[in-house]
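Below is one structure; the comments refer to it alone.
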Amino acid sequence: MTAITTTTQVIRGSRRTAALVLLSFVHFMLVLDDSVVNVALATVRDDLGFGTAGLAWVVNAYFLTFGALLLPGGRAADLLGRRAVFVVGVSLFGAASLACGLAQEPWQLVTGRFLQGTGAALASPAAMSMITLMYPGEGERAKAMGVWGGVAALGGTTGLVVSGVLTDLLSWRWAFFINVPIAVGALLLAPRLLPGGRPAHRPRIDVPGALLGTGALLALVNGLLRTAEAGWDPQTAVSLLLALVLGAAFLAVEARTAEPLVPLAFLAVRVRAVAYGTSLLFTAAFFALTFLIMLHLQNVMGYSPLKAGMAYLPYAAGVLTGVWLSARTVARFGVRPPLVVSFVVSAIGMLMLSRVSEGDGYAAAVLPGVIVVSVASGLGFPALAIAAVTDTTERDAGLGSALLSSVQQIGGAVGIAALVSLAASQGDPVHGSGDAATDGFALAMVVAAGFMTLGAVVIATLMPGRAPTEGQPDGTVEATTSAATSPDADG
């Protein structure tokens, strides 16, 4: 039995705090790009000459590659070194963002978005796994994941705000250009702030598992995105069926592989399994809510992109309040109570929003519901992140982070596909106005509230009362495993 030096022993004090800020800021950038071009799509279409089908790929290309490549990206971080994979991912993301901003043809922008998603799939799980290992104690991990989860919630909701502001004041190209200085700054600071090192035990990469898992996610996300765009046409059905077949093959291969990409025992830990399942419901509801509220403000209430973005700023304030509450409640009560409260309060807020009618004002009708769901969102995201990486180690922290991010991306695709399509059954949510659009918005909010209610029931009945405590409260870890790290290797 050999005590090893882990990343949490290398990074302490102010340097550890600075590393958390750096990783969280990069994560904000990555999540922001899920939705940062949504408001600017009409301008992009006119500027570059996109057709209707091609324009959807400006959004979907990023969503697709980010969601599909997270599993191999997270496993690469565990096997090759988290800092190394993080640096490669941020470098690719930054270069692709510059290419997107400079694009002169539709294919150039779509290609850049594919490359952005690939970079994000490498950087995101590497970043989250480093935070997981730097903050092993339950209380300190709750605070760190509060920051991380709050940043995720803010990034997922402020993309539309940033897009509206930049499109109105500058150009849609700045939605991509703003990523470049952030990426450059992260690359300059990473060697100084982030832990290096690579695991001494370097198992063979599960190539069949990586190919099957990536293919299954690719087909699943593509099918869900096509559902939102084209409904249940034959191509959608084929894509979803292919995802089912590849997923079954993936599970069969993983059960027989000595060193699988996703050990099935990893998913047997109940707190993690419940976190992944309910994260799917959580992000499905909130991705759709964010998308539909922005459309409601512009199409039904007549707001400009800039005014709609400003009207969404209280959401950010509510998220920050929820994050502040989350860190304190998780440290005191564990993950289950704050998660149940988050899901229940979110459902209440969504039901409040479902009652908004065409003639209602923003302050009286929309704002109260926005405040309620935003505080609940900030309370829930960090707690879900903590539950998802419970009891992970140097060997599998990247995998746990990647699984959570994959579920969130799939949940977002499910939410947009299902709830936006449901809203469209009452009236066009993208271009429509009046009673039909309002009725569609209300129906989607009621179903989203149902998602959150189901999640609350699952958490209350299946999740353990407290997550196990990892590590020591002083920020150091003692380990007895052969997966040693090399302190002077440049991971």
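Worth a mention:
- Report note on the peptides 341-351, 261-271, 381-391, 277-287: ranked by the mean count of other C-beta atoms within 10 Å, highest first, their order is 381-391, 277-287, 341-351, 261-271.
- Across region 207-260, the volume of the C-alpha convex hull divided among the residues equals 51 Å³ per residue.
- Only Lys, Arg (+1) and Asp, Glu (-1) charged, at Cβ; region 208-337 dipole about Cα centre in debye: 560 debye
- Region 215-274 versus region 321-397: alpha-carbon centroid distance in Å: 27 Å
Readers should treat all values here as calculations from the given coordinates under stated rules, not as data from a laboratory. Computed from a predicted model, the values in this text were never measured in an experiment. Don't worry about glycine lacking a Cβ; one is built from the backbone with ideal geometry, like all the others, and counts go over all protein chains shown.
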